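The values are calculated or read from the model by the stated rules, or taken from the named source; none is laboratory data. As the structure is a computational prediction, the values presented were derived from the model and not from experiment. Glycine also receives a Cβ, built like all others from the backbone with ideal geometry; neighbour counts cover every protein chain displayed.
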Amino acid sequence: MNWTWFHRLGSPPHVYGFAERWAPWFGGAAALAIVVALYGGLILAPADYQQKDAFRMVYVHAPSAWLSLMAYSTMAVAAAVGLIWRMKVAHSAAAACAPIGAWFTVAALGTGMLWGKPMWGTYWVWDPRLTSELLLLFLYIGYMGLRAAIEDPQKADKASAVFAIVGVVNVPIIKFSVNWWNSLHQEATVMRMGKPTMNGDMLWPLMLMFLGFTLYFATVVLIRLRAELLRRERSASWVREAVA
Amino acid sequence: MRSGASTVARLVVERDLRLAFRKPSQLLQPLLFFMIVATLFPLTLTPELSRLRDAAPGVLWIGALLSSVLALEFLFRDDAQDGTLEQFALSGQSLTWMLFAKTCTHWLLSGLPLALSAPVAALALGVPATALGSMVASLALGSFALSLLGAISAGLTLGARRGGVLLSLLTLPLSVPVLVFGADATQRAIAGAAIAPPMYMLGAIAVLGVTLAPLAAAAAVRIGLE
C-alpha cells in the first residue's frame, strides 16, 4: 500500500498548502448548508405543537453539542498521532481544535440555557447532560491552560497531548458517574426531556445543520492550522516564500 | 544493572517515608486544611446538626478532594527541582514502577491519614457513629484513586511555570467520578443503606487508575524532564 499521502501530512508546507486550497471550499459549502438549513428550520418548518417556536433553538443547540464532542475526539486523535508518530503537524492540528471546540461547548450550553428559560422556567438545572457538558468545557479550559502555561512549545505539545488522551479515557467515566449521580436526585422529574419524534419538515433542516456545522468546524480548523503553522515555522524558508 | 522491581519499589517507598517524616509540618498541613474547610461549612450554612448531616457527604468529600489536590504539590515538585526525578529516569529502572511506588507512598502520607482523621470532622457535622466505618473505608479507597489520578496532572504541570492553580484546574474535572461515587457511599452510610454498589465503582476506578495512571504519569514526567 502506498503511504506517501500519510507521510506528506507530516510536512508543514504541504499541509499549509492543503489548508490554503481547501478552507474556502469547506467554508463555502458550510455557508450554503447553514443558510439553506436556517431557511428550512426557521421558516419552512412548522412550529412545534407544544414548544411553539422555541423548539427552533435545536437547530443551533444540537449541532453545537455534537461538535463539542466531535472536536474533543478530533483533538485527542490528533494529539495521539502527534505523540505516537512524533508529527509536529498533528500537534498543531490538536491545538487548532481546542478553542473552536470550547466555543461549541459554550454555544451548546448557552443555547440550552436560553431554551431552558421558557421551557423549564429556569436557565440552569443540574441535568446529567448539562452537567457533563459543563465538565467538558472545564476539560477544554484545562487543556488550553496547560498549553499556555508551558513555554517550550514542544513540551507544551506533548504534555497537552497526554492530558487530551487522559481526558478521552475519562469522559465516558464522567458521563456514567454523572448519570448515576443524577439518578439519586429524581425529584426533578418536571424537567425531564421527552424525546421528540420529529417529522420530516423539522428533521431535514436539522440534518443539514449538522453537516453545515461540521463543515464550518473543518474550515475553522484549517484556518487556525495555517496560522499555527505560520507561527511555529516562522523561521523556515518555506514560510518566507509562502508569505512573500 | 537492573534490580528486581520489588526492591526498587521498596527503596523508593523507604526513601520517601524517611524524607516525609523529617518534614512533619508538610504532612500536617493538608490535614489541617481539611479540618479548617470542614469547620467553615457550619459557619456558612447552619450550625444545626440535623441540616449539616445532609450536607456532610459533600463537605467531607470536597474537603478531602481539595486537600488531596493541595498535597499533590509535594508529590513530584521537590524531587523535580533537586534532580531526583532525572536520576530516576536515567537509572535504567522502570520509571512507571518507581512513580507508582511514589504515588502509593504519597497516599500513605496524605490520603490515608485524612481518611483516618475524617471521623472527627464527620462527628462534628452530625454524622452518626454507625456510619463512620463505611465513611473511612470509602475515603481511603477514593483518596487512593485521587492520588493516582493526581499523579498524572502533577507530572504534566512539572514543566509549567506556576503549576499550583493549573494543577487543580486539570485535576478537579477528572476527579468528578471519584467524588460522585464517594459522596454517594457516604450518603448511603449515613442513611444506613448498603454501600456496596458505589464502593465497587470506586474500586473499579482505583483498579483502572493502578493500571493506567502510572503509565501516563511516567510519560508526563519524561516530557517535563526533556
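What residue, among those in the range B:47-78 that are over 22 Å from B:Pro177 (Cβ atoms) and among the aromatic types (Phe, Trp, Tyr), is surrounded by the fewest Cβ atoms within 10 Å (Cβ to Cβ)?
Once the filter is applied, the top-ranked residue is B:Phe74.
Hand me the list of helices (runs of 4 or more DSSP H) wholly inside the range B:81-177 holding 3 or more residues that are more than 14 Å from chain A (Cβ to nearest Cβ) and farther than 25 Å from A:Asp157 by Cβ.
On the way: elements: B:84-90, B:95-109, B:111-124, B:132-156, B:163-174.
Where helices (runs of 4 or more DSSP H) fall fully within the range B:81-177 and carry at least 3 residues being more than 14 Å from chain A (Cβ to nearest Cβ) and farther than 25 Å from A:Asp157 by Cβ, they are B:95-109, B:111-124, B:132-156.
Within the set of pairs 6 or more residues apart or between chains, which connect a residue that is at pLDDT 80 or above inside the range A:107-136 to a residue that is part of a loop (DSSP other than H, G, I, E, B) with Cβ atoms less than 6 Å apart?
A:Met113/A:Tyr123; A:Gly116/A:Tyr123; A:Lys117/A:Tyr123
Tell me yes or no: at least one residue of the range B:5-20 is without any contact (Cβ under 8 Å) to a residue 24 or more places away in the chain and under 19 Å from B:Gly164 (Cβ atoms).
No, every residue in the range B:5-20 fails to be without any contact (Cβ under 8 Å) to a residue 24 or more places away in the chain and under 19 Å from B:Gly164 (Cβ atoms).
For the range A:153-182, what are the residues that are more than 7 Å from chain B (Cβ to nearest Cβ) and of a type in the set (D, E, K, R)?
A:Asp157, A:Lys175
Filter the range B:121-174 down to residues that are farther than 13 Å from A:Gly142 by Cβ and without any contact (Cβ under 8 Å) to a residue 60 or more places away in the chain and give me whichever is nearest to the chain's Cα centre (by Cα).
Filtering first and then ranking leaves B:Ala140.
Looking at the range A:70-88, which of its residues are under 16 Å from A:Val220 (Cα atoms), hydrophobic (A, V, I, L, M, F, W, C) and touching a residue at least 60 places away in the same chain (Cβ under 8 Å)?
Hits for the range A:70-88 are A:Met70, A:Ala71, A:Met75.
Looking at the range B:202-214 only, could you name the residues that are surrounded by fewer than 22 Cβ atoms within 10 Å (Cβ to Cβ) and either assigned to a loop (DSSP other than H, G, I, E, B) or at the interface with chain A (Cβ under 10 Å from one of its Cβ atoms) (or both)?
B:Ala204, B:Leu208, B:Leu212
Between A:Val166, A:Val178, A:Val162, which is of a type in the set (Val, Ile, Thr), in contact with a helix residue (DSSP H, G or I) (Cβ under 8 Å, 6 or more places away or on another chain) and without any contact (Cβ under 8 Å) to a residue 24 or more places away in the chain?
After applying the criteria, what remains is A:Val166.
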